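J.: Would you mind keeping the following structure in view while I ask a few things?
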């Protein structure tokens, strides 16, 4: 077997990933641009706003961190809120183990860095549909999807940073972030357990709004997670 | 915002490391050991547990209007959620929400 026959499938898996990931460009472009705008508007420097997009590279948590910083929350609370938004990715990480567990460490580290909602969802769907894929091909496919998203995420943040300073106050930028969060959460309200969790989160957060920023949200999020898990367990038991 | 430059970089660095460790956790460190089902169950609810609570006060009492409820922003929020649930798509929710916001801001000032 020549090396070219070994490499060819991995290469095509990469291109297939890139192709399947490209529709997400429609989503990445506005999200990243708005992040650049919002971060600049909040008072972050160009390097700091870019630092978020390159080092954290997780949309919702970047917005969450900037929002908490605008409220002058303590550093620990900024981190807790933003990391809590990312906790779902531990689930993604676990779900990828059966498919990518045998890959070399550097590949698994790169997959971890590039593990977004989109790259995870597309890749796992593909792995499930094609159990015969080799580990090399699986990683190549994952990197293909991520290549459609990650460079653009950073580039469009930069565009937003420079566009941001030219945007007047009448554009009500303060409200773009709430709209983005609401739009991200609404499609997730797919079961009564999710709706119950969201409702508890809102009620507790509003009730505790007088506490120093971050504390009320933390309590609200904890209560909401427990509510979601309890309601789901209850529904499962009733079905059983 | 009242953080020093060093504090902002600290936040970015810790958030970067923390996010990577969350993503690397099972794939890199824990491996194929099964997670307790209760942990998986709780993790599944993190986005819907955190984001609504973060947004609710911003929707009801926006800083831009000095904390007074604003009909334009409220309308935009309701439309965003409705379209997001209906289309199951974040991008349509955002587009509908932002269009509503500008339309309502314009309508409420014009009236």
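Any read-out appearing in this document is the output of simple, stated calculations on the displayed coordinates, not a laboratory observation. On a predicted model such as this, the values are computed, not experimentally measured, just so you know. Reconstructed Cβ throughout: ideal geometry from the backbone, glycine too, with neighbour counts over all protein chains shown.
J.: Using Cα-only point scatterers and the Debye equation, what is log10 of I(q)/I(0) for region B:52-110 at each q in 0.13, 0.14, 0.26 Å⁻¹, rounded to two decimals?
T.: Evaluating at q = 0.13, 0.14, 0.26 Å⁻¹ gives log10 I(q)/I(0) of -0.33, -0.38, -1.06.
J.: When the expected Rg is taken as 2.2 N^0.38 Å, what fraction or multiple of it is the alpha-carbon Rg of region A:189-240?
T.: This ratio for region A:189-240 stands at 1.26.
J.: Between residue A:169 and residue B:39, what is the label-to-label distance in nm when each label sits 7 Å out along the Cα-to-Cβ direction?
T.: Each label point is offset 7 Å from its Cα along the Cβ direction, giving 4.9 nm.
J.: A further question follows. Give me the distance in nm between label points sitting 7 Å out from Cα along the Cα-to-Cβ direction at residue B:103 and residue A:110, one decimal.
T.: The two pseudo-label positions are separated by 4.6 nm.
J.: What per residue convex hull volume, in Å³, do the alpha-carbon atoms of chain A yield?
T.: On the way: hull volume 36.4 nm³, N = 240.
Measuring per residue, one finds 152 Å³ for the Cα hull of chain A.
J.: Using the Kirkwood radius over Cα pairs, work out the Stokes-Einstein diffusion coefficient for chain B at 4 °C and 1.567 mPa s, in µm²/s as a whole number.
T.: 73 µm²/s
J.: Counting helices only, and only those DSSP H runs with n ≥ 4, report the 222 nm mean residue ellipticity of chain B as the sum of -39,500 (n - 2.57) divided by its residues, in deg cm²/dmol to the nearest 500.
T.: Working: 5 runs with 81 residues, N = 111.
Using -39500 (n - 2.57) per qualifying helix, the result is -24500 deg cm²/dmol.
J.: How large are Rg and Dmax for region A:110-240 when calculated on the C-alpha trace, in angstrom?
T.: 20.1, 58
J.: What is the order of A:55, A:158, fewest Cβ neighbours within 10 Å to most?
T.: A:158, A:55
J.: Measure off 7 Å from each Cα along the Cα-to-Cβ vector at residue A:158 and residue B:30, then give the distance between these two points in nanometres to one decimal.
T.: Modelled inter-label distance: 3.7 nm.
J.: Taking 0.36 nm per residue of separation and subtracting the Cα-Cα distance, what length does fully extending residue A:233 through residue A:46 add?
T.: Values: separation 187, 0.36 × 187 = 67.32 nm, distance 4.63 nm.
Going from the current span to full extension adds 62.7 nm.
J.: Which FRET efficiency, nearest 0.05, do residue B:89 and residue B:4 yield, Cβ-Cβ r, R0 41 Å?
T.: 0.55
J.: Would you calculate a helix-derived [θ] at 222 nm for chain A, using -39,500 (n - 2.57) for each DSSP H run of n ≥ 4 and dividing by the full residue count, to the nearest 500?
T.: -25000 deg cm²/dmol
J.: Same structure again: Could you state the number of Å between the C-alpha centres of region B:45-61 and region A:167-227?
T.: Between the Cα centre of region A:167-227 and that of region B:45-61, the gap is 0 Å.
J.: So how compact is region A:57-108: Cα radius of gyration and Dmax in angstrom?
T.: 14.7, 44
J.: How much length is gained if the chain between residue A:130 and residue A:12 is pulled fully straight, taking 0.36 nm per residue apart and subtracting their Cα-Cα distance, in nm to one decimal?
T.: Full-extension gain reported as 41.0 nm.
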